[in-house]
Amino acid sequence: MSCGIKVMVALISLWVLSGAPAPLLAAGKPVFIGLDAEFGYASSTSAEAIRQGIEIAMDEINRAGGVLGGRPLALETRANHSVPARSIENIKELAQKPDLVAVFCGRFSPTVLEALPTLHNEKMILLDPWSAADAIVENRYRPNYAFRLSLKDSWAMDVMLRHAQKQGASRVGMLLLNTSWGRSSLKGAEKYAAAHPGFRISGTNWFNWNDKSFIEKYQSLRQGGARAVILVANANEAEILIKEVAALPAAQRLPIVSHWGVTGGTLAELAGPALGKVDFSVVQTYSFIGDQSAKARRVVAAHNRLFKTKGARQIKSPVGVAHAYDLTHILALAINKAGSTDRKAIRSALEQLGGYRGLIKEYRPPFTPQRHEALSPDSVFMAGFAEDGAIVRKGARSASRKD
């Protein structure tokens with residue numbers, strides 16, 4: 001660990017132990033981080049959550065002296081509304097900004113996949129705190145500028161289908177958004193089914209953005225023998241399905257096992273009481289609820305202070321906050337290791353970092369030249385929505401790691 005990083009860690013530790021506000025120590029020329037995400041997308045909370053995680057981490061880093069011997073981190077945000085062409089223009093614009101070292105993406109995998117050629121042409125580091133399509137990181141580019149601290153679809157499907165089997169559903173129906181995200185998820189499900197002879201995908205139905213009803217597709221899966229429905233959707237589509245299923249006789253309400261796009265919006269508010277009538281579970285990678293570590297308590301306190309929440313249960317899209325927080329700290333370490341704002345040097349530094357004890361886990365290390373995935377399959381679990389809308393881990397014990 002370099003002297004500069006040791007000083008940063010020591011200052012953060014002193015600040016946390018004192019319990020008092022630390023002075024803003026970083027006052028040099030800013031080093032910029034970009035965020036190109038779905039700001040303004042209807043009912044979405046994911047872009048805001050990612051921004052919040054970045055800003056909490058930046059606040060800590062800047063209070064501890066910033067990067068490169070006293071330069072503060074600063075955030076440049078751009079709205080793409082999930083439109084790939086707009087994302088590409090945003091990335092081109094951000095790439096021209098001096099001392100902008102990396103761009104965080106948002107939730108929508110199709111948008112990120114379309115932007116990959118531009119990101120690599122611009123030699124721009126992509127930091128992915130949410131988008132789950134396997135091909136974002138498993139791409140054809142060498143050197144690879146894409147780094148992810150998030151779920152990937154193949155991991156999600158393994159956990160979702162295992163959960164369905166544990167509920168007694170050896171036959172499932174797939175209800176999938178007709179995008180690269182849905183297709184990536186189907187590949188993961190088919191791979192799982194091939195490895196588990198007692199398990200079967202009994203049917204697959206596709207839907208499009210802004211479809212207004214899903215009940216016919218749902219009923220065809222149920223009548224085809226499905227004992228659970230695997231859903232790959234966002235909050236708006238899930239709201240419609242939940243309300244339609246809740247209106248059915250209880251005997252026709254199959255368990256719905258959902259990918260995590262639904263947690264990027266206000267699903268609990270949209271679905272209302274209907275959500276309590278459906279067995280609805282969702283895949284996740286982290287929960288502030290139950291994590292009693294000092295770092296988790298500090299992040300929740302910062303979220304309360306900066307964004308006017310009142311505890312972990314009020315944090316919307318919590319995985320976005322947590323992933324972006326850890327990724328920002330990892331980026332800061334890479335900037336210091338590189339000793340400059342040169343993107344090529346920082347990209348190499350991201351592959352060469354030592355271990356880092358983050359909010360979500362201890363990274364040993366976060367990335368290597370052969371692995372640009374900071375999380376792993378054992379980070380993934382199933383959760384559900386509590387009556388207050390909080391996302392709570394199902395079954396297994398809640399996280400209780402202590403620093």
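The values are calculated or read from the model by the stated rules, or taken from the named source; none is laboratory data. These numbers come from a predicted model, not from an experiment. Note: ideal-geometry Cβ built from the backbone for every residue, glycine included; neighbour counts use all protein chains shown.
Checked against the criterion of being closer than 18 Å to A228 by Cβ, outside any strand (DSSP E or B), more than 24 Å from the chain's Cα centre (by Cα) and not acidic (D, E), segment 172-192 has no qualifying residue.
Counting only helices (runs of 4 or more DSSP H) that sit wholly inside segment 287-374, those with at least 1 residues that are closer than 18 Å to Y145 by Cα and free of Cβ contacts under 8 Å to residues at least 24 places away in the same chain are 318-338, 343-350.
Report yes if W209 is of a type in the set (A, V, I, L, M, F, W, C) and assigned to a loop (DSSP other than H, G, I, E, B), otherwise no. Yes; evaluated as a whole, the condition is true for this residue.
Per the listing E114, E138, the residue uniquely without any contact (Cβ under 8 Å) to a residue 24 or more places away in the chain and either closer than 28 Å to G265 by Cα or under 14 Å from the mean Cα position of the chain (by Cα) (or both) is E138. Please specify each residue of segment 96-118 satisfying the condition of being in contact with a helix residue (DSSP H, G or I) (Cβ under 8 Å, 6 or more places away or on another chain) and surrounded by fewer than 24 Cβ atoms within 10 Å (Cβ to Cβ). Within segment 96-118, L100, P110, L113, E114, L116, T118 meet the criteria.
Taken over segment 203-236, the criterion of being closer than 17 Å to R162 by Cβ and of a type in the set (G, A, S) is satisfied by A226, A228.
Conditions (1) closer than 27 Å to A301 by Cα; (2) at pLDDT 95 or above; (3) crowded, with 17+ Cβ neighbours inside 10 Å, marked per residue:
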| residue | (1), (2), (3) |
| --- | --- |
| P23 | yes, no, no |
| K29 | no, yes, no |
| G40 | yes, no, no |
| R51 | yes, yes, yes |
| I54 | yes, yes, yes |
| R63 | yes, yes, yes |
| T77 | yes, yes, yes |
| N80 | no, yes, yes |
| I88 | no, yes, yes |
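The residues of segment 236-257 that are under 15 Å from G384 (Cα atoms) and surrounded by 24 or more Cβ atoms within 10 Å (Cβ to Cβ), listed by number, are A238, I242, V257. Within segment 110-144, the only residue that satisfies the criterion of being among the β-branched types (V, I, T) and in a strand (DSSP E or B) is I125. I'd like the full set of residues that are of a type in the set (S, T, N, Q) and in contact with a Ser or Thr (Cβ under 8 Å, 6 or more places away or on another chain), limited to segment 245-284. Residues satisfying the conditions are S258, T263, T266, S281, Q284. Across segment 94-109, the qualifying residues are those that are part of a loop (DSSP other than H, G, I, E, B) and over 17 Å from the mean Cα position of the chain (by Cα), and the one among them that is farthest from I335 (Cα to Cα) is Q96.
In segment 264-286, how many are in a loop (DSSP other than H, G, I, E, B) and under 28 Å from L149 (Cα atoms)?
Going through segment 264-286 one residue at a time, the tally reaches 3.
Does A189 satisfy the condition of being within 26 Å of A135 (Cα to Cα) and either in contact (Cβ under 8 Å) with a residue 24 or more places away in the chain or aromatic (F, W, Y) (or both)? In short, yes.
Note down all Cβ pairs under 8 Å where the first residue falls in segment 75-95 and is more than 16 Å from S180 (Cβ to Cβ), the second is at pLDDT below 95, and they're at least six residues apart or on different chains. Matching pairs, first to second residue: A79/G40; H81/G40; H81/Y41.
The set of residues in segment 359-379 that are over 26 Å from Y141 (Cα atoms) and surrounded by 20 or more Cβ atoms within 10 Å (Cβ to Cβ) comprises L359, I360, K361. Within the option set N144, N139, being over 26 Å from A79 (Cβ atoms) and modelled with pLDDT of 95 or more holds for one residue only, N144. Taking every residue in segment 154-179 that is under 17 Å from M382 (Cβ atoms) and modelled with pLDDT under 95 and pairing it with any residue that is of a type outside the set (V, I, T) and in a helix (DSSP H, G or I), at least 6 positions away or on another chain, the pairs with Cβ-Cβ distances below 9 Å are S154/D134; S154/S184; S154/S185; S154/K187; S154/G188; S154/K191; S154/Y192; S154/P377.
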